[in-house]
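To start, the structure itself, in structure tokens.
The values are calculated or read from the model by the stated rules, or taken from the named source; none is laboratory data. This is a predicted model, so every value here is computed, not measured. Reconstructed Cβ throughout: ideal geometry from the backbone, glycine too, with neighbour counts over all protein chains shown.
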Amino acid sequence: MENKEKQCPDCYGKGVSIISCCTGEVIDDDFQMCPVCYEHCGEDTCETCGGSGEVDEDEPGSDHVDMQLRAENYSDLKQGI
């Protein structure tokens, strides 16, 4: 059986995601600015797809990924917690 690939639900196939440095929330706008400190945030490799922009269609849980939890973990990492 051949695995089918589909667009990553977290990065929309871009392979990168932007997370607020202050709140840890996923930023989904054109300016890529933190809504708290108004600093520009950089792009990081999407953890869901590993930067490929695609996920295995047959993989369990690939339709729903807890982005908020990942964003909080990323925020803690950036703050050195």
Here is a check on your reading of the model: is residue 63 modelled with pLDDT of 70 or more and not basic (Lys, Arg)?
no
What are the pairs with Cβ atoms under 6 angstrom where one residue, in the stretch 8-20, is in contact (Cβ under 8 Å) with a residue 12 or more places away in the chain and the other, located anywhere, is of a type in the set (Phe, Trp, Tyr)? Sequence gap at least six, or different chains.
19/74
Six or more apart or on different chains, Cβ under 7 Å: which pairs go from a residue in the stretch 23-52 that's closer than 19 Å to residue 7 by Cα and touching a residue at least 12 places away in the same chain (Cβ under 8 Å) to one that's surrounded by 15 or more Cβ atoms within 10 Å (Cβ to Cβ) and acidic (Asp, Glu)? Could you list them?
46/10; 48/10
Hey, can you tell me all the residues within the stretch 24-50 that are surrounded by 15 or more Cβ atoms within 10 Å (Cβ to Cβ) and in contact with a Ser or Thr (Cβ under 7 Å, 6 or more places away or on another chain)?
24, 26, 27, 34, 41, 46
